[in-house]
Amino acid sequence: MNDGLITRARSGDSDAFEALTRPYHRELQVHCYRMLGSFQDAEEALQDTLLSAWQGLAAFEGRASVRTWLYRIATNRCLNMLRSATRRPAKEWDMSQIELPEPTGLGEVVWLQPYPDTLLDGALGTRPGPEAHYEQTEAISLAFVTALQVLPARQRAVLILREVLGYRATEVADMLDSTVESVTSALKRARSTLNQRLPPAEDPPAPDSAEEQALVARFVRAYQAGDVDELVTLLTEDVRLSMPPIPLEYEGLDAVAHFFASTIGKGRTYELVPTRANGQPAFGAYLRAATGVRHGAGLLVIGLSGPRIREITRFETSALPWFGLPRSLPS
C-alpha cells in the first residue's frame with residue numbers, strides 16, 4: 001500500500017503524501033517536543049519536517065521504513081533549530097501586585113512549555129523498539145523533558161532515539177550521519193547526566209485513578225481556599241516549584257510554603273479549571289477581580305510522587321488556549 005502512495009506522492013499527489021505521513025504526525029510532534037522542550041517550536045519543527053519530506057520524497061530509497069525516514073528528517077530539523085535559534089528568553093515576574101519571596105535558585109530551562117494531553121492520543125501508542133529503556137508516558141513528563149533540555153543537542157537526540165523510541169545503534173548512526181561508536185559514546189554520557197537530573201521517585205498514581213483524583217481534589221480545595229497549611233501537607237520534603245519563562249525556582253517545603261503564602265494566602269481568590277498536560281494533572285488558574293470576572297493567572301501542572309506532590313510548574317496565561325481554556329471566566 002505504501003509503495004502505491006509513494007509513487008503517487010512522487011508524481012505530485014498531495015493527498016497521497018498526506019495519507020502516507022498523517023499516521024505519524026502526532027508522534028513526530030511529540031518527538032520534536034522532547035527535542036526542543038517547547039510546544040510552539042515543536043509545531044514549527046513538525047511543519048518543517050513535512051515540508052522537507054515532501055520536497056525530498058524523490059530521494060527516499062525505501063531502505064528504511066517511512067516512519068524511520070520521517071524521524072531522521074525530524075531529528076535533523078530539530079538539531080538545525082537548536083544550532084541556529086535563540087531560545088525563548090527569561091522574563092521577569094509578571095504580577096506586580098504580588099511580591100515574591102527570595103528564590104532558592106534560578107532555572108536553566110526557561111523556554112519549557114507544557115504539552116496538552118489531548119494531543120497525546122495516538123502519539124504514545126506506537127510500540128517502541130526492543131532497546132527502549134523509558135516508558136512512553138514517563139518520557140513525556142515535565143521532569144523528563146526538562147532533564148533532556150540540559151543535554152547537548154546530539155546527546156539528546158541519541159538518548160531519545162535509542163532509549164525512548166528504541167532504535168538500534170546502527171539505525172541512529174544512519175539517522176545522524178554518524179558512527180556506531182560515536183552514538184554509543186554519546187548515549188553513555190547522556191545517561192550519566194540524566195541519572196543525575198532525575199533522582200529516584202515513587203511511582204505516581206495511575207492517571208484518573210481514585211488515588212490521583214483524591215489527591216487532586218485536596219489540592220484544588222486547598223488552593224481555592226488559600227489554605228497554605230493544607231497545601232503543605234500534600235507536598236514532598238523535596239518539592240520543587242518553577243515558572244518558566246520566569247527563572248525563579250523554589251525548592252523544599254519551607255521555600256514553597258513561603259511562595260504560596262505570598263501568592264494565594266493574601267486574601268486572593270482563585271478558581272482552578274482542570275485539564276491535563278504531559279500526562280499529569282493540570283489546571284487553568286483564574287484570579288477573581290472585584291468585578292467578579294476571573295482573569296487567567298497561568299497554567300499549573302503538578303507532578304506526583306506516590307501520594308504526594310513533588311513538582312509544581314506554573315506557565316504563562318498564553319498557554320491556556322492550547323488546552324481549550326479561555327483567557328478569562330465571566331462573573
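Which whole number of Å³ per residue matches the convex hull of the alpha-carbon atoms in the chain?
Numbers: hull volume 47.8 nm³, N = 331.
Output value, Cα hull per residue: 144 Å³.
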Expressed as cubic angstrom per residue, what is the convex hull volume of the alpha carbon set of the stretch 87-229?
175
Top mean-square fluctuation among ALA261, ALA42, ALA297, Gaussian network model of the chain, C-alpha springs under 10 Å?
ALA261
Projecting each Cα onto the charge dipole of the chain (Lys/Arg +1, Asp/Glu -1 at the beta carbon, about the Cα centre), which of THR68, PHE283, ILE246 comes out farthest on the positive side?
THR68
Considering amide H positions built from the backbone, and no H for Pro or chain starts, which residues 5 or more places from LEU235, or on another chain, come under 5 Å of its amide H?
ILE309
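Based on alpha-carbon atoms only, what is the radius of gyration of the stretch 210-329 relative to the globular estimate 2.2 N^0.38 Å? Please list the in-between numbers first.
Values: Rg = 13.4 Å, N = 120, 2.2 N^0.38 = 13.6 Å.
Compactness ratio reported: 0.99.
Scan the chain and report its longest stretch carrying no GluC sites (Glu not before Pro) that are both in a DSSP loop and have at most 10 other Cβ atoms within 10 Å.
On the way: sites that count: GLU61, GLU92, GLU99.
Answer - 100-331.
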Which of the trypsin sites (Lys or Arg not before Pro) found in the stretch 36-145 are loop residues per DSSP with 12 or fewer other Cβ atoms within 10 Å of their Cβ?
ARG63
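For the stretch 210-329, what's the relative contact order in percent, using C-alpha pairs closer than 8 Å and at least 6 residues apart? Please list the in-between numbers first.
Values: 222 pairs, mean separation 28.5, N = 120.
With pairs under 8 Å counted, the relative contact order is 24 percent.
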How many percent of the alpha carbon pairs in the stretch 11-104 exceed a separation of 18 Å?
54
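Values in this text are rule-based calculations from the coordinates and carry no lab data. Not measured: the values here are computed from a predicted model. Because the Cβ atoms are built from the backbone with ideal geometry, glycine has one as well, and the counts that use them run over all protein chains shown.
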